[in-house]
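Notes to accompany the following structure.
The values are calculated or read from the model by the stated rules, or taken from the named source; none is laboratory data. Source: prediction; values computed, not measured. Heads up, the Cβs are rebuilt from the backbone with ideal geometry, glycines too, and the neighbour counts pull from every protein chain shown. To get the accessible areas, we keep the full protein, side chains included, count just its heavy atoms, and leave off ligands, DNA and RNA. Shrake-Rupley method; radii C 1.70, N 1.55, O 1.52, S 1.80 Å.
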Amino acid sequence: MELSEKITVIVVSLNTKNDFLKTIKSIKKQNYKNIETIVVDGDSIDGTKTEILKDDFIDQFIIEKDNGIYDAMNKGVKISNGDWIIFLNSGDIFFDNDVLKNINNLIEKNIDIIFGNSLIDNSKFIYKKKSNFINNKSIVMPFSHQSVLTSRNLLIHNNFDLNYNISSDFNFFLTQHVRKKKFKKIDLFISITKSGGLSDKKRINVFKENYKILKENNLFYKNSVNFLITFLFLITKKVFKTILPNYIKEMILK
């Protein structure tokens, strides 16, 4: 028997009309109907606003300039009414039409955060990204925020920190781990996410912010060697990506 849990899907958009329509279509196709759809648009000028205003499927929306993706996410949380919240960026879609229905059947009492696996679409092919628990050894996000459902009660009292432009989700989830909040991993693919987002393009900046986050949580020195090795690997990879022909890079990724 289906529980009465309401799931809020918050879609963040800015001048991404075609991708936005793709994401909204994916939400509409969900077989689980106890959904609240909220759109937070950063005052797009490409026709996205027209699509938002004419779509009766969207329960609530905010159209105004913001201070980045995490500011938009915080705004969406503030007006939400669901028991659980999941964030999708324009262009991200659910893995299949039964995802939210299947997740709902796995919800347990006293769980704060539920996370699963993702597929990453880099436009030429799709690859799997298996999730892992965040822990004291984590130096980067071990799952995608598009494949996480978080208790609204937790989010409403813990805003994404706008001091972090790229890694505020890592800061949020690591902080909840440190505070002993309860995570539940489910062996389901939840979302198909587009690669090439801000964190993909600015990996060096991600590490800078993650360094600060680890220090604030007194976890950097325990992970300093692993952090340095991973950072050096990233630099090496960037060098190879610069000098290798595209067809070889695609072969390696595949």
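Can you list the strands (runs of 3 or more DSSP E) found entirely within the stretch 1-63 that contain at least 2 residues being over 18 Å from the mean Cα position of the chain (by Cα) and more than 13 Å from residue 90 (Cβ to Cβ)?
Here the list reads 60-63.
Being farther than 14 Å from residue 149 by Cβ and surrounded by fewer than 16 Cβ atoms within 10 Å (Cβ to Cβ) is the filter here; which residues of the stretch 176-192 pass it?
Of everything in the stretch 176-192, those that are farther than 14 Å from residue 149 by Cβ and surrounded by fewer than 16 Cβ atoms within 10 Å (Cβ to Cβ) turn out to be 178, 179, 180, 187.
Tell me yes or no: at least one residue of the stretch 76-85 is without any contact (Cβ under 8 Å) to a residue 24 or more places away in the chain, within 27 Å of residue 167 (Cβ to Cβ) and assigned to a loop (DSSP other than H, G, I, E, B).
no
Listed residues 128, 101; which is in a strand (DSSP E or B), open to solvent by 10 Å² or more (accessible area, probe 1.4 Å), more than 23 Å from residue 219 (Cα to Cα) and of a type outside the set (Ser, Thr, Tyr)?
Every option except 128 fails the conditions.
I'd like the residue in the stretch 110-168 that is aliphatic (A, V, I, L, M) and without any contact (Cβ under 8 Å) to a residue 60 or more places away in the chain and, out of all such residues, is farthest from residue 181 (Cα to Cα).
Only one residue tops the list, namely 166.
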